[in-house]
Amino acid sequence: MAFKTKALRYLGGLSGRGDIVQNGKKLAPTTFDLDGYYRAAAGVSGCGEIRLASEMLRSLFGRSDLQLLTEQGQVFDIKFSDHTLPASSCVAHIDLSGNMDPADWRRGDAADNS
């Protein structure tokens, strides 16, 4: 039996500077490199990397109440993808959620998989 699934469509990438935020309070400056995807049944999702000072990253790692606020004013709820953080790491992989608009994503060079 074959299953029909809707293709995952690449929306594009976002990269730049922003802040890690908790309850509207800026906790740490960060840079980020993200990719956005769209699937009809699930809407927009995203993932990518954030970079910040290793001590600050260690103190925030694993928390589920954080957001990324970009310089352009976009706000993404973030969740750390990994369960462990290597010692002295300044980079972490994150998954994005929240109210994301497909128009927020720059179209990348990747082929459209729709």
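Between R106 and S64, with labels modelled 7 Å along Cα→Cβ, what's the label distance in nm to one decimal, could you check?
Taking the two extended label points, one gets 3.3 nm.
So which GluC sites (Glu not before Pro) in the stretch 1-103 are both in a DSSP loop and have at most 10 other Cβ atoms within 10 Å of their Cβ?
When the GluC sites (Glu not before Pro) of the stretch 1-103 are filtered for loop state and at most 10 Cβ neighbours within 10 Å, E71 remain.
Among H83, H93, what is the fewest-to-most ranking by other Cβ atoms within 10 Å?
So the ranking, lowest neighbour count to highest, is H83, H93.
Under the Kirkwood approximation for Rh and a Cα-based Rg, what ratio Rg/Rh is obtained for the chain?
Using only Cα positions, Rg/Rh for the chain is 1.01.
Determine the calculated [θ] at 222 nm for the chain from helices alone, applying -39500 (n - 2.57) to every DSSP H run no shorter than 4 residues and normalising by the residue count; nearest 500 deg cm²/dmol.
Calculated at 222 nm, the ellipticity per residue is -1500 deg cm²/dmol.
Quick note: the coordinates plus some simple rules give every number you see, no bench work behind them. Nothing here was measured: the structure is a model prediction, and the numbers come from that model. Neighbour counts run over all protein chains shown; Cβ positions are idealised from the backbone, glycine included.
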